[in-house]
Amino acid sequence: MTPSETFSGGCDCKHVRYRMLGTPLFVHCCHCRWCQRETGSAFVMNALIETDRVELLSGEPELVLTPSNSGKGQKIARCPHCRIALWSHYPGGGVIFTFIRVGTLDDPDRFPPDIHIYTMSKQPWVVLPEGVPVMREYYEREKYWPKASLERRAALLAKQPA
Ligand SMILES: [Zn+2]
Ligand SMILES: [Zn+2]
């Protein structure tokens, strides 16, 4: 793998630093109540990427099992010192996929949402831009992901032991 670009990020206290090797597969903006509670905000932005494209530069995040809407829980990687949430792993994708919290990137402006999900609980003041898919709940990956991302996903799954 020769990623053309890397994108670095980290926590508030700078103990954990990481970089993404290449661009994300897809960027979710999730408006569900769980994400609202976890961020204390109106939504969360997650950049989905293969875990083998997330390189830890310093520190060791702690994986905290956190309840989730599905009931299966998600693992949130937090800095052991400042406790900032850097990324998550969801049961659906397993640990081979990482959901980077876009706000922890040094240049979070680089990755605006590719899709808005769970807008059934969107806070009413949030006005969504034209031209970005809006889902009341979740969505069908094959319909919305770019072809290159679907191929990267398939390549990663093919590498996993049966
Ligand atoms: Zn920290
Ligand atoms: Zn959510």
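The values are calculated or read from the model by the stated rules, or taken from the named source; none is laboratory data. Note that the coordinates shown come from a computational prediction; the quantities given were computed from them, not determined experimentally. Every residue, glycine among them, receives a Cβ derived from its backbone with ideal geometry; neighbour counts consider all protein chains shown.
Hey, can you tell me all the residues within the stretch 1-37 that are among the small types (Gly, Ala, Ser) and either within 16 Å of ligand 2 (Cβ to nearest atom) or surrounded by fewer than 18 Cβ atoms within 10 Å (Cβ to Cβ) (or both)?
Ser4, Ser8, Gly22
Just to be sure before I move on: is His116 closer than 23 Å to Gly40 by Cβ, touching a helix residue (DSSP H, G or I) at 6+ places or on another chain (Cβ under 7 Å), in contact (Cβ under 8 Å) with a residue 24 or more places away in the chain and not polar (S, T, N, Q) in the structure I sent?
Against the criterion (closer than 23 Å to Gly40 by Cβ, touching a helix residue (DSSP H, G or I) at 6+ places or on another chain (Cβ under 7 Å), in contact (Cβ under 8 Å) with a residue 24 or more places away in the chain and not polar (S, T, N, Q)), His116 does not qualify.
Six or more apart or on different chains, Cβ atoms under 6 Å: show the pairs whose first residue is in the stretch 38-50 and near ligand 2 (Cβ under 9 Å from one of its atoms) and whose second is of a type outside the set (A, V, I, L, M, F, W, C).
Phe43/His31; Asn46/His28
Considering only the stretch 63-146, give the strands (runs of 3 or more DSSP E) lying wholly within it that have at least 1 residues that are over 14 Å from the mean Cα position of the chain (by Cα) and modelled with pLDDT of 95 or more.
Because the criterion is at least 1 residues that are over 14 Å from the mean Cα position of the chain (by Cα) and modelled with pLDDT of 95 or more, no strands (runs of 3 or more DSSP E) in the stretch 63-146 meet it.
Taking the stretch 72-99, which residues are among the hydrophobic types (A, V, I, L, M, F, W, C) and within 13 Å of ligand 1 (Cβ to nearest atom)?
Result: Ala77, Cys79, Cys82, Ile84, Ala85, Leu86.
Inside the stretch 11-25, can you point out the residues that are on the phi > 0 side of the Ramachandran plot and more than 16 Å from ligand 1 (Cβ to nearest atom)?
Gly22
Which of the residues that make up the stretch 43-62 are in a loop (DSSP other than H, G, I, E, B) and surrounded by 15 or more Cβ atoms within 10 Å (Cβ to Cβ)?
Phe43, Gly59, Pro61, listed by residue number.
Under 7 Å by Cβ, and 6 or more places apart or on different chains, what pairs join a residue from the stretch 143-162 that is touching a residue at least 24 places away in the same chain (Cβ under 8 Å) with one that is among the hydrophobic types (A, V, I, L, M, F, W, C) and part of a loop (DSSP other than H, G, I, E, B)?
Cβ pairs passing all conditions: Trp145/Leu25; Ser149/Leu25; Arg152/Leu25; Arg153/Leu25.
In the stretch 77-127, what count of residues is obtained for those that are within 12 Å of ligand 2 (Cβ to nearest atom), among the hydrophobic types (A, V, I, L, M, F, W, C) and surrounded by 20 or more Cβ atoms within 10 Å (Cβ to Cβ)?
2
For Ser41, which of the numbered conditions (1) of a type in the set (Gly, Ala, Ser); (2) more than 30 Å from Lys147 (Cα to Cα); (3) within 16 Å of ligand 1 (Cβ to nearest atom) fails to hold?
Every condition holds for Ser41 apart from (3).
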